[in-house]
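In what follows, a single structure is set out as C-alpha cells and then discussed.
Where a number appears in this text, it was derived from the coordinates with a stated rule and is not lab data. Model, not experiment: these values are computed from the prediction. A quick note on method: Cβ atoms are made from the backbone with ideal geometry, for glycine too, and the neighbour counts reach across all protein chains shown.
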Amino acid sequence: MRAATLHGQTARHLPFAFWLCALFVCPVALADQNAVISVYHHVSASTPPSTSLSPEAFRAHLSFLAENNFTVLPLTQILTTLNDGDDLPDRTVAITFDDGYESIYSTAFPLLREFGFPFTVFVSTGPIDRQQTGYMTWEQLSTLHRAAVVIGNHGTEHRSLLELSDSEARVDILAAQARITEELGPQPRLFAYPYGEFNDASKRLLADLGYAGFAQNSGAVGPTTEQTALPRFPLAGLYSGLEGATLKYSTLAFDVQTLEPLSPQTQLTAPSARVRFGEGDYSQARVACFDDGDPMAIAWEVDLSEDNVATLSTNAKQRGRRWNYVCTAPHTGSGRYFWFSQPWFDESKPQ
C-alpha cells in the first residue's frame with residue numbers, strides 16, 4: 001500500500017497522534033482563522049488518472065467531511081471572513097474544481113447537492129464556447145449558477161501565464177471574464193492559475209485587476225496568506241485516496257513568508273529559499289522541511305532582528321516543470337500539522 005503523500009511529504013514522517021486527530025475530532029481549541037481549499041478536476045474512472053478520482057473516492061471524501069465536524073463554506077465567504085479579520089469555524093473547508101469538465105455536472109454536482117456542500121468551478125471559456133467533448137455547456141453552467149455555485153475564471157484556453165506577456169495575460173483574463181459575465185451575469189473576481197503556475201508579474205497583474213489568485217501547491221490559508229497566490233490541495237491521481245485527503249483536509253495554515261526569491265519561476269535545479277516563520281502554537285525545533293520527501297537543510301539566522309528566519313537548501317535533482325518544498329510543524333497539543341509549501345516552476349520544461 002502506498003503511503004499517503006502531500007507533494008512528496010509521506011505519512012511515515014508523521015506521528016500516530018496526527019492520524020488519531022485527523023480521523024477523530026480532538027478536543028483542543030485552535031485558531032479560528034484557518035481554512036483548507038481543495039481542488040478537483042475530473043470525477044470519473046474513465047478520464048486521465050493524474051487529474052481524476054472515482055465517484056466512489058469522491059463520495060468517501062465528502063462523507064469524511066460530513067462525519068468529522070468539518071464546515072464546508074463558499075469560497076467567497078472564506079475570503080471575506082479572513083480579509084475582515086473575523087473568525088471561521090474550526091475545520092473550515094472550501095471545495096473547488098478546475099477546467100469545467102462534464103463530470104463535475106453529471107457526477108460531482110449530484111453528490112455535493114446530496115451532502116449540501118457549496119463549491120466553486122473555475123472554467124476555461126474557449127472549450128466551452130466550442131462545445132468541446134468532455135466539457136460542460138453554458139446551459140449546464142447556468143444550472144450550477146442557479147444552484148448558487150460560483151463560477152470562477154481559468155482563462156480562455158488554459159494557457160500558463162508564464163508563457164504569456166503581461167498584456168497577453170491581461171487580455172486573456174478579461175476576455176474569459178467577459179464571456180462568463182455574458183452567459184451567467186457578474187461573478188466574483190476569482191482566478192485559478194492554469195497548471196497552478198504563477199510568478200511575481202502575474203501576481204501583480206491579478207492585484208491590479210482586483211482578483212484573488214488560486215494556485216495548486218499544498219497548504220491551508222489564513223489571514224496572512226498572499227491573496228494572489230492562495231494554495232489549494234490537489235486531490236486526484238496519487239493524492240485521491242481517503243488517507244491522503246484526511247491528511248490534507250486536517251492541516252492548519254502556517255504563517256510563513258518567502259523573503260527570497262520573490263518569484264517561484266526558476267531554471268535552477270536546487271533553488272534555495274529564505275523564509276520567515278511567523279508566531280504560532282509550534283516549536284521551532286520541530287519545524288521540518290522536505291524536497292520531494294527528502295529532508296532539507298534548515299539554516300536558522302541568529303540575528304535577533306530577523307527572528308525565525310531560515311534558509312532552506314537542498315541537493316540538485318532531475319526536475320520536471322513543477323515541484324514544491326514543503327515545511328511542516330506539529331500544532332502544540334492537537335496532533336494536527338501546520339503546512340506550508342514553496343512552489344517552483346521551470347517554464348523551459350514541457351507541460
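I want the local charge near ARG59. Using Cβ-Cβ distances under 14 Å, sum +1 for each Lys or Arg and -1 for each Asp or Glu among the other residues.
Values: positive: ARG113; negative: GLU56, GLU67, GLU114.
Charge balance in the 14 Å sphere: -2.
Of all the C-alpha pairs in the chain, what % are more than 27 Å from each other?
Numbers: 26997 of 61425 pairs.
In whole percent, the share of Cα-Cα pairs in the chain beyond 27 Å is 44.
Using Cα-only point scatterers and the Debye equation, what is log10 of I(q)/I(0) for segment 197-317 at each q in 0.17, 0.18 Å⁻¹, rounded to two decimals?
Each listed q corresponds, in turn, to -1.11, -1.24.
Given a 10 angstrom Cα cut-off, can you work out which residue in GLU157, GLU197, GLU168 is the most mobile in a GNM of the chain?
Result for the chain, Cα springs under 10 Å: GLU168 fluctuates most.
If each residue's Cβ is checked for other Cβ atoms within 10 Å, how do LEU242, LEU209 rank with the fewest at the top? Please list the in-between numbers first.
Details: LEU242 14, LEU209 17.
So the ranking, lowest neighbour count to highest, is LEU242, LEU209.
Provide the net charge surrounding LYS317, with neighbours chosen by a C-beta distance below 9 Å and charges set as Lys +1, Arg +1, Asp -1, Glu -1.
Working: positive: ARG319; negative: ASP291, ASP292, ASP294.
Local charge sum for LYS317: -2.
Which values, in whole Å and largest first, are the semi-axes of the equivalent ellipsoid of segment 131-174 obtained as the square root of 5 times each eigenvalue of the Cα gyration tensor? Display every interim value, and only then the final one.
Numbers: eigenvalues 132, 33, 11 Å².
Semi-axes (√(5λ), whole Å): 26, 13, 7.
Please arrange VAL123, VAL302 by how many other C-beta atoms lie within 10 Å of their C-beta, fewest to most.
Values: VAL123 31, VAL302 8.
Sorted ascending by nearby Cβ count, the order is VAL302, VAL123.
What does the convex hull of the alpha-carbon atoms of segment 254-351 project to on average, in nm²? Provide the component values of the computation, followed by the final result.
Working: hull surface 26.7 nm².
Orientation-averaged projected area of the Cα hull: 6.7 nm².
How long, wide and thick is segment 58-148, going by the Cα atoms along their three principal axes, in whole angstroms, largest first?
43, 30, 19
If each residue's Cβ is checked for other Cβ atoms within 10 Å, how do TRP344, TRP300 rank with the fewest at the top?
Details: TRP344 24, TRP300 14.
Starting with the residue having the fewest Cβ neighbours, the order is TRP300, TRP344.
By DSSP, what percent of the beta bridges with both residues in the chain are antiparallel, rounded to the nearest 5?
Values: 31 of 59 bridges.
For the chain, the DSSP antiparallel bridge percentage is about 55.
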